[in-house]
Structure formats: structure tokens, C-alpha cells
1. Determine if the range 207-228 includes at least one residue that is touching a Lys or Arg at 6+ places or on another chain (Cβ under 7 Å) and either closer than 30 Å to Thr188 by Cβ or without any contact (Cβ under 8 Å) to a residue 12 or more places away in the chain (or both).
2. It is to be established whether one or more residues within the range 173-189 are under 29 Å from Gly251 (Cα atoms), in contact (Cβ under 8 Å) with a residue 60 or more places away in the chain and out of contact with any helix residue (DSSP H, G or I) (no Cβ under 7 Å at 6 or more places or on another chain).
3. Name the pairs whose Cβ atoms lie under 9 Å apart, with the first residue in the range 1-30 and more than 11 Å from Gly349 (Cα to Cα), the second hydroxyl-bearing (Ser, Thr, Tyr) and outside any helix (DSSP H, G or I), and 6 or more positions between them or separate chains?
4. Only one residue in Val310, Val298 is within 24 Å of the chain's Cα centre (by Cα), open to solvent by 20 Å² or more (accessible area, probe 1.4 Å), modelled with pLDDT of 80 or more and under 30 Å from Gly369 (Cα atoms), so which one is that?
5. Considering the range 229-252 alone, what residues qualify as being touching a residue at least 60 places away in the same chain (Cβ under 8 Å) and surrounded by 16 or more Cβ atoms within 10 Å (Cβ to Cβ)?
6. Can you find, within the range 343-367, the residue that is nearest to the chain's Cα centre (by Cα) among those that are open to solvent by 30 Å² or more (accessible area, probe 1.4 Å) and over 17 Å from Ala311 (Cα atoms)?
7. Specify which of the listed residues (Glu151, Glu216) is touching an Asp or Glu at 6+ places or on another chain (Cβ under 7 Å), acidic (Asp, Glu) and open to solvent by 80 Å² or more (accessible area, probe 1.4 Å).
8. Looking at the range 121-147 only, could you name the residues that are open to solvent by 50 Å² or more (accessible area, probe 1.4 Å) and aliphatic (A, V, I, L, M)?
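The values are calculated or read from the model by the stated rules, or taken from the named source; none is laboratory data. The structure displayed is predicted, hence computed values, not measured ones. FYI the Cβ positions are ideal-geometry reconstructions off the backbone, even for glycines, and counts take in every protein chain you see. With ligands, DNA and RNA removed, areas are computed over all heavy atoms of the protein, side chains included. Shrake-Rupley method; radii C 1.70, N 1.55, O 1.52, S 1.80 Å.
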Amino acid sequence: MRFLDLVSLIFYNLSRRKGRVLLTAVGVVIGTAAVVVLVSLAVGLRENATQQLWGINDLTNIQVYPGYNMDKMVMMGGGMGGEVTDIKFLTPKAIKDIAAIPGVTKVIAQDYCQASVNMIFGKLQAYGNVMGVDVTDVADLGLTAAEGTTELSKGTAVVGSWINRNFYDPKARPNDPPLEPPQLIGQTIKFVISKWSADGVEVKKTINIKIVGVIEETRGESDGSIYVRMEDVNAWNEWARGVRINRNKEGYSNLIVKAESPEVVIDITDQINNLGFMAYTPQSTVEGINSFFTILQVVFGGVGAIALLVAAIGIANTMAMAILERTREIGLMKAIGATNRDVMSIFLGEAAGIGLLGGLGGVLVGWGGSALLNIVAVSYYASQASSNGASPLSSVASTPFWLPLFALVFATVIGLLSGLYPALRAATLVPVTALKYE
């Protein structure tokens with residue numbers, strides 16, 4: 001039997017029993033729609049969880065800190081007290097060792113200003129986290145400018161998106177209106193650095209710094225940081241401490257290690273930890289979240305698959321009833337030359353056709369259900385976010401491109417498998433017996 005003739009015969013047979021086929025296909029529609037909606041919900045929840053992780057903006061970054069050996073403990077005053085020994089400093093030699101790890105593209109040293117810094121802009125004052133970076137462009141840290149530039153030169157600074165919100169008027173009165181955050185780009189700010197002398201006298205040093213750029217919000221440490229050249233921070237720290245800094249002995253506060261791709265970040269992090277340093281990457285958090293939601297996808301998909309299993313029983317029952325009703329028809333087909341393979345192909349095709357029709361309907365219903373779920377959930381969370389200041393959700397359910405195709409194929413295969421036993425039964429009927437069947 002030619003393929004086109006087989007397809008034509010299958011659809012003709014299905015059209016003869018529209019009501020029964022429709023009722024059977026409804027079970028497949030429900031099961032397929034459940035798979036699409038539940039898996040889309042799991043995918044959407046994973047995307048939202050990843051997007052709203054605080055401070056994760058570049059998955060190729062690895063934060064590295066000095067290593068501490070806490071194994072050696074001493075007894076203090078009858079209680080347990082700890083003493084940190086064998087500190088592994090981030091010296092220039094350590095930077096070379098880390099840079100030699102395969103997959104590392106860049107190692108950037110950072111150091112904090114260890115003195116108290118008060119920023120003065122007109123009558124306003126603010127405090128901030130002043131950080132020196134061993135690069136001339138903070139774009140090397142994976143940061144971008146919302147205003148101005150990311151390039152650093154002597155006497156300039158690039159500030160985080162929240163710094164202008166830190167300014168306050170020390171002479172403000174309780175009834176004064178809220179302070180409007182100042183525009184810092186292109187302005188010169190006074191950095192008043194303070195230290196205390198040996199006899200308890202406060203000594204101050206004023207430095208003029210020009211703000212040349214404002215960084216886009218990252219929801220991370222950079223939002224509250226003020227980036228300056230490493231040379232400037234070195235000079236301020238040496239003034240505050242009264243001694244020259246020896247990087248070969250005390251190293252840097254921390255390093256930012258850039259990997260060539262997120263796929264190698266975990267391996268590089270493990271190698272850095274094995275060198276005795278403390279390394280952290282947001283990629284490990286993201287991978288943990290992905291693993292959890294992958295399990296959630298499987299569980300949700302399994303719930304939908306149970307509904308499809310119930311529908312499969314319905315398909316098997318429908319095909320078994322069709323054999324009883326068409327026994328003489330099967331005998332007639334065999335009498336005029338139809339083979340067992342032809343008969344089996346017809347019944348398998350009909351069962352698969354029911355699965356295909358139900359799958360198409362289920363995909364459409366599932367896609368519509370996901371869209372409706374997004375509309376309801378997003379509008380609800382938008383009202384909640386406006387009241388408590390949280391970030392609104394962009395979507396709750398997200399349907400990946402492969403899911404409708406997978407659901408359609410899965411429903412068709414379920415229908416095919418459900419019709420396997422009835423088709424074998426029909427193919428093995430004896431023609432003479434079938435023709436005599438009443």
C-alpha cells in the first residue's frame with residue numbers, strides 16, 4: 001500500500017467516528033497542555049530566579065581573596081578562641097600563578113582605601129567605598145557607563161549608580177523637603193581623607209577628584225563603589241599608615257579573575273582554591289539554581305505525562321472497540337490482498353493520528369494557558385512590587401522553542417504505542433473467521 005493511500009485511508013477512518021475520536025483526543029489535549037504549561041512554568045521560574053540574583057552581572061568573573069589557615073587554634077581564657085595563621089597573600093607572584101591557569105584571560109588587582117574618606121560636594125557630604133583598580137578602564141571589570149566614560153586617569157573617578165543617593169545635607173532641618181540626588185558627572189568633588197596621629201589628633205588631607213563617569217546599575221558591589229587608579233589609592237594608604245606598601249609581602253585586598261567562558265569558570269575556581277586562596281564565582285550559584293529547576297522541570301513534566309498516560313489508555317480502548325466494530329472489514333481487506341503489515345499500519349496510523357490531533361490541540365491550549373498565566377501573574381506581582389518597592393517580574397512562564405515540538409512528538413508517540421496492541425490483534429485476525437464475525 002502506498003504511503004499517500006495509507007494516510008488518506010487513516011484520515012477517512014478517523015472522520016467516520018468524529019465524536020469518539022474527539023472525546024479520545026480531549027484526553028491527549030489535556031495531558032499535552034499540562035506538559036506545556038508546567039514545563040513552561042518551571043523554565044520561567046528558573047529564568048526569573050537567575051535574572052533577579054543580586055549582583056550577578058558577569059558569569060565569567062571570579063572573586064579571589066587571600067587564603068587563611070584556620071587549622072591552628074589556641075586556647076584562650078578557658079574558652080575556645082581562634083588565631084588565623086599562614087595567610088596566603090595576593091602578591092604579584094600569586095597573580096602570575098593565577099594568570100597561568102588555562103582559561104584565565106585577565107587578572108585585575110583591587111585594593112580598598114584604608115583611611116576614612118568624606119566626600120564633599122558644595123554643601124553636601126557623603127561616604128562611599130573607595131576602591132583602587134589596577135586598570136585604566138573599569139570596562140575591563142565588565143562594567144559599562146550609564147553616563148560619561150569608564151576610563152580612569154590621575155585625579156579622576158568613576159562612581160557607581162547609587163553614589164549620588166548617598167549625599168546628604170549635614171545642616172538639613174527636619175521639615176526640609178527630600179534632597180534631590182546631585183548630578184555628579186563632570187563635577188569636582190573634595191575627598192577629605194582622615195587619620196589619627198599617635199597622640200590622638202585627627203589629621204586631614206583634601207584631594208580634588210573629578211567624576212568622569214557613572215556606572216550602569218548592576219545590583220552589586222559596584223553600585224556603591226568609587227573607582228580610582230591603583231596609584232592614587234596606594235598614595236592615600238601610605239599617607240594614612242605612614243609606611244610604604246610592600247605588595248610582595250601584603251599583596252592586594254582582592255583580585256578579579258576573568259575566564260574565557262562561563263563553562264570553564266568552575267574548574268578555574270577550584271584550581272585557585274587548590275592554590276590556597278579563597279575564590280568565589282556567581283556561576284556556582286547559577287549552576288545550583290539550574291540544577292534545582294531542571295529537577296523541577298522533570299517533576300512538572302512527569303505530572304503532565306501522567307495525564308498523557310491516562311489519555312493513552314483511552315486511545316487503546318477506542319482502538320480495541322474499533323477492531324470489534326470493524327472485524328468483518330478487516331477480514332474483507334485481507335481477503336482482497338491486504339497483508340498483516342497493511343492492517344497493522346492502518347490501525348497504528350489511526351492511533352498515532354489521534355495522538356497527533358490531541359497533541360496539536362494541547363500545544364495550542366498550553367501556549368494560550370502559559371500566556372494567560374503570565375498576564376495574571378505579572379499584573380499581580382506588579383501591584384505587589386509597587387507597594388513594597390521590589391522589582392516586577394517580566395514573565396512567570398516561558399515556553400522554549402523546543403517544548404511545543406517535543407510535546408507534539410511525545411503525544412504522537414504515546415498514541416502510536418497505545419495502538420500497538422490493538423493493531424497487532426487486528427493484523428493477526430484470520431480472514432475466514434473475521435468474515436463470519438457478527
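1. In the first step, residues of the range 207-228 are kept if they are touching a Lys or Arg at 6+ places or on another chain (Cβ under 7 Å); the result is 208.
Filter once more, keeping what is either closer than 30 Å to Thr188 by Cβ or without any contact (Cβ under 8 Å) to a residue 12 or more places away in the chain (or both): 208.
Yes, the conditions are met somewhere in the range 207-228.
2. As a first pass, look at the range 173-189 and keep what is under 29 Å from Gly251 (Cα atoms): none.
No, because not a single residue in the range 173-189 is under 29 Å from Gly251 (Cα atoms), in contact (Cβ under 8 Å) with a residue 60 or more places away in the chain and out of contact with any helix residue (DSSP H, G or I) (no Cβ under 7 Å at 6 or more places or on another chain).
3. Filtered contacts from the range 1-30: Met1/Thr339.
4. Numbers: Val310 fails: within 24 Å of the chain's Cα centre (by Cα).
Among Val310, Val298, only Val298 is within 24 Å of the chain's Cα centre (by Cα), open to solvent by 20 Å² or more (accessible area, probe 1.4 Å), modelled with pLDDT of 80 or more and under 30 Å from Gly369 (Cα atoms).
5. First, pick out the residues of the range 229-252 that are touching a residue at least 60 places away in the same chain (Cβ under 8 Å): 229-234, 236-237, 239-241, 247-252.
Answer for the range 229-252, where residues must be touching a residue at least 60 places away in the same chain (Cβ under 8 Å) and surrounded by 16 or more Cβ atoms within 10 Å (Cβ to Cβ): Arg229, Met230, Asp232, Val233, Asn234, Trp236, Asn237, Ala240, Arg247, Gly251, Tyr252.
6. Trp367
7. Working: Glu216 fails: touching an Asp or Glu at 6+ places or on another chain (Cβ under 7 Å).
It is Glu151.
8. Ala146
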